[in-house]
């Protein structure tokens, strides 16, 4: 019988220093969960199977959130294919299997909407998984995440575990990665706009055509979804977590430029790939269990840009 998670349950957050993991940790603290387990990279190498298993046997958590992953935008995914597939497979295999061996029944595995086929109906339903070819630029990462989903499904089937897989759309918010090579599109746009204003640039370059559409969800909404589904009994293993609408990348840039109160000429680097043209996911299943996003784009961008400026100061 599944043990309910309460305020005193031992909860391990893998990847607690990242964008999503730090938000989950913050929300759990805010909701007065008392027994939170975190460990930094230099103390636990998630790529090392023996170390991860020893950690689980010693700590015996009641609940695990897997927010640890090797992540990046189109450029990083396309260049570091081997690292993206190896590191993600290794991290999730080690955590999921060690959780099982340590008799952990409750786990949430976080993935990405890039698991779905490049060409598919919009909005993308969970049932569309493995119904078509993946986008080539991030195929290794997507395959690793799909393997994680199938691993959770298989352990639920064979070992009667309660492992859920939440697949969010593009996530943004404080503590994001603003590295020029490895960041996702929104932090890249914020950084471009910030330095365009600071250096009084008359032009700003956008990767590709700017026409692809993306759905954005503020990171605290994803963290709330994780906690919402932590104790929720669901018949589905795979559940999409999205905001509900999407915009063109160029439209996001225009909104950000307005926030910074600048109006440079937008130029396009059309030699760069666009990626998938639409990734809007269906969050109908998540809504049916009572989860809804609360933070709109205007508020989310304001909080994100304020955090970015503060970190630079």
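The values are calculated or read from the model by the stated rules, or taken from the named source; none is laboratory data. Computed from a predicted structure; not experimentally measured. A quick note on method: Cβ atoms are made from the backbone with ideal geometry, for glycine too, and the neighbour counts reach across all protein chains shown.
Just a few scattered comments:
- Residues of segment 119-135 satisfying the condition of being touching a strand residue (DSSP E or B) at 6+ places or on another chain (Cβ under 8 Å) and either modelled with pLDDT under 95 or in a helix (DSSP H, G or I) (or both): 126
- Restricting segment 178-203 to residues that are surrounded by fewer than 19 Cβ atoms within 10 Å (Cβ to Cβ) and in contact with a helix residue (DSSP H, G or I) (Cβ under 6 Å, 6 or more places away or on another chain), the residue that is nearest to residue 262 (Cα to Cα): 197
- For segment 238-247, the tally of residues that are touching a residue at least 60 places away in the same chain (Cβ under 8 Å) and over 17 Å from the mean Cα position of the chain (by Cα) stands at 0.
- Some residue of segment 98-118 being without any contact (Cβ under 8 Å) to a residue 24 or more places away in the chain, out of contact with any helix residue (DSSP H, G or I) (no Cβ under 9 Å at 6 or more places or on another chain) and in a loop (DSSP other than H, G, I, E, B): no
- Top-ranked residue in segment 272-291 [being modelled with pLDDT of 95 or more, closer than 16 Å to residue 246 by Cα and out of contact with any helix residue (DSSP H, G or I) (no Cβ under 7 Å at 6 or more places or on another chain); ranked as surrounded by the most Cβ atoms within 10 Å (Cβ to Cβ)]: 283
- Filter pass, residue 19 being under 22 Å from the mean Cα position of the chain (by Cα) and under 22 Å from residue 90 (Cβ atoms): yes
- Residue within segment 136-159 that is at pLDDT below 95, in a loop (DSSP other than H, G, I, E, B) and surrounded by fewer than 22 Cβ atoms within 10 Å (Cβ to Cβ) present: no
- In this structure, residue 172 does not qualify as surrounded by fewer than 20 Cβ atoms within 10 Å (Cβ to Cβ) and either within 13 Å of the chain's Cα centre (by Cα) or at pLDDT below 95 (or both).
- Where residue 4 falls short, out of the listed (1) crowded, with 22+ Cβ neighbours inside 10 Å; (2) over 24 Å from residue 186 (Cβ atoms): (1)
- Search result, residues across segment 48-78 that are surrounded by fewer than 17 Cβ atoms within 10 Å (Cβ to Cβ) and touching a helix residue (DSSP H, G or I) at 6+ places or on another chain (Cβ under 7 Å): 49
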